[in-house]
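What follows is one structure encoded as structure tokens, with my remarks underneath.
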Amino acid sequence: SKDVTILAIESSCDETAAAVVRNGREVLSNVISSQIDLHKLYGGVVPEIASRKHIEKINQVIEEALKEAGKTLDDIDAIGVTYGPGLVGALLVGVAAAKAIAWARKIPLVGVHHIEGHISANYIEHPDLEPPFLCLVASGGHTHLVKVEDYGKYEILGRTRDDAAGEAYDKVARAIGLGYPGGPKIDRIAKEGNPDAVKFPKAKVDGAEYDFSFSGLKSAVLNYINGCKMKGESFDPADLAASFQKAVVEVLVGNSMKAAEELGISKFAIAGGVASNSALRAAMIEACEKRKMKFYRPSPILCTDNAAMIGAAAYYEYISGARAGLDLNAVPNLKL
Ligand code: KG4
Ligand code: ZN
């Protein structure tokens, strides 16, 4: 059968990204223009700045992706674009660019769910991976435990009731004074700390056994820091980071393994920005080995926002016949 070459575009948050992906699994180029340096001045993503920067960068990023892949628009069979969830102004830039190219060049258009993209990063990294499997998606905006029943077919088993895991990392990092984005910084300093130094509560959610909650844990860390300040005592940032991280990882792994056991699924994947966390990876590897489950994770560059993962997801949507019209719109709270 004929190869399918997809140009993919992602602009849902603070990364302007484009990629060329062949047959859903082979990355020919993966260009990411990060806005982190702009937003860190404000301690987090400023939506208005994100939209403006996407507009400035999008054409250049798309051109680079085609060039790096050694392709022109004549070689592209379909355009895949993230249309939600995310920041509406940011999403609109990618969606408008994708629609413009699709219209001008008469190329089929496919809308992609951002979370489906994160999950699909695993298809790129692991050519042998096929549904069904379970996937923990943990990023700055989402913490979902998902059963991937088939390509494009998902069941959400659990989700966060409040903060996303990455959001908790970012807020705790800010309180410790580590700056934005906090996840990678906590990951780094936690390696020097004692994870048993401070006992933090393990967040349990009544009634929904696979759901998560991180705001209580986040508050406990903030209270601990304030308590130290009030007493005029110092605290060890590394110990605090390691203790916080231990509490997060225990809950993520605990719910994940409970679901895998109860559903009898022997393949487990992780995805999203937090999936690049070294403690989470180590704990997942151990937990999966213990249960003789196969464990999958994308390399760090495919965990955080990128367009290659959108190209992988778009491929499976495309071959299933999904097509978006030129009325495709950004949907900030799009459901999986
Ligand atoms: O998937 P992503 O790039 O964007 C969203 O869709 O949200 O995830 C970004 C999130 C941020 O909260 C960031 O702090 C977190 O992922 N993150 C990490 C690590 N690397 C990124 N959290 C913990 N450990 C890391 N190594
Ligand atoms: Zn993301």
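Computed from the coordinates by the stated procedures, all read-outs in this text should not be read as laboratory data. Because the structure is predicted, anything quoted here is derived from the model rather than measured. Virtual Cβ from ideal backbone geometry, glycine too; neighbours counted across all protein chains shown.
Overview of results
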{"read-out": "Most mobile listed residue (65, 247, 208) in the chain, GNM with C-alpha springs under 10 Å", "value": "208"}
{"read-out": "Rel. contact order, % - alpha carbon contacts under 8 angstrom, at least six apart, the chain", "value": "25 percent"}
{"read-out": "Environment charge at residue 160 (Cβ cut-off 11 Å; Lys +1, Arg +1, Asp -1, Glu -1)", "value": "-2"}
{"read-out": "Cβ-based exposure ranking for 54, 144, in which fewest neighbours within 10 Å come first", "value": "144, 54"}
{"read-out": "Cross-link partners of residue 40 among lysines (Cα-Cα below 23 Å; sequence separation of 8 or more within a chain)", "value": "53, 57, 171, 185, 218"}
{"read-out": "Distance between modelled label sites at residue 236 and residue 199, nm, 7 Å Cα→Cβ extension", "value": "1.8 nm"}
{"read-out": "Equivalent ellipsoid semi-axes - Cα gyration tensor, segment 1-91, angstrom", "value": "27, 13, 10"}
{"read-out": "Per-residue Cβ neighbour rank within 10 angstrom, fewest leading, 16, 72", "value": "72, 16"}
{"read-out": "Relative contact order of segment 131-297, defined on C-alpha pairs under 8 angstrom at six or more residues apart (%)", "value": "27 percent"}
{"read-out": "Candidate aspartates and glutamates for bridging to residue 2, where Cα separation is under 19 Å - those fewer than 8 sequence places away on the same chain excluded", "value": "26, 74, 75, 77, 317"}
{"read-out": "Cα-only radius of gyration and Dmax that characterise segment 131-297, units Å", "value": "16.0, 56"}
{"read-out": "Simple spin-label estimate for residue 63 and residue 75 in nanometres, 7 Å along Cα-Cβ", "value": "1.8 nm"}
{"read-out": "Given charges at beta-carbon only (K, R positive; D, E negative), |dipole| of segment 172-244 in Debye", "value": "240 debye"}
{"read-out": "Segment 159-176 - phi-based ³J(HN,Hα) in whole Hz, Karplus 6.51/-1.76/1.60, Gly and Pro as x", "value": "8, 6, 7, 9, 6, 6, 4, x, 4, 4, 4, 5, 6, 5, 4, 5, 5, 6"}
{"read-out": "Under 12 Å, Cβ to Cβ, from residue 4 - net charge with Lys/Arg +1 and Asp/Glu -1", "value": "-2"}
{"read-out": "Net lengthening on full extension, residue 263/residue 219 (0.36 nm per residue, minus Cα-Cα)", "value": "12.6 nm"}
{"read-out": "Of all DSSP beta bridges in the chain, antiparallel share, percent nearest 5", "value": "60 percent"}
{"read-out": "Theoretical gain in end-to-end length, residue 153 to residue 191 [0.36 nm per residue, Cα-Cα removed]", "value": "9.9 nm"}
{"read-out": "Ranked 230, 309, 293, criterion: other C-beta atoms within 10 Å, fewest first", "value": "230, 293, 309"}
{"read-out": "MRE, 222 nm, helices only [DSSP H, n ≥ 4, -39500 (n - 2.57), over the chain, to nearest 500]", "value": "-14500 deg cm²/dmol"}
{"read-out": "For the chain, built as a Gaussian network whose Cα springs stay under 10 Å, the top-fluctuating residue of 232, 183, 166", "value": "232"}
{"read-out": "Isotropically averaged projected area of the chain, using the convex hull of Cα atoms (one quarter of hull area), nm²", "value": "17.2 nm²"}
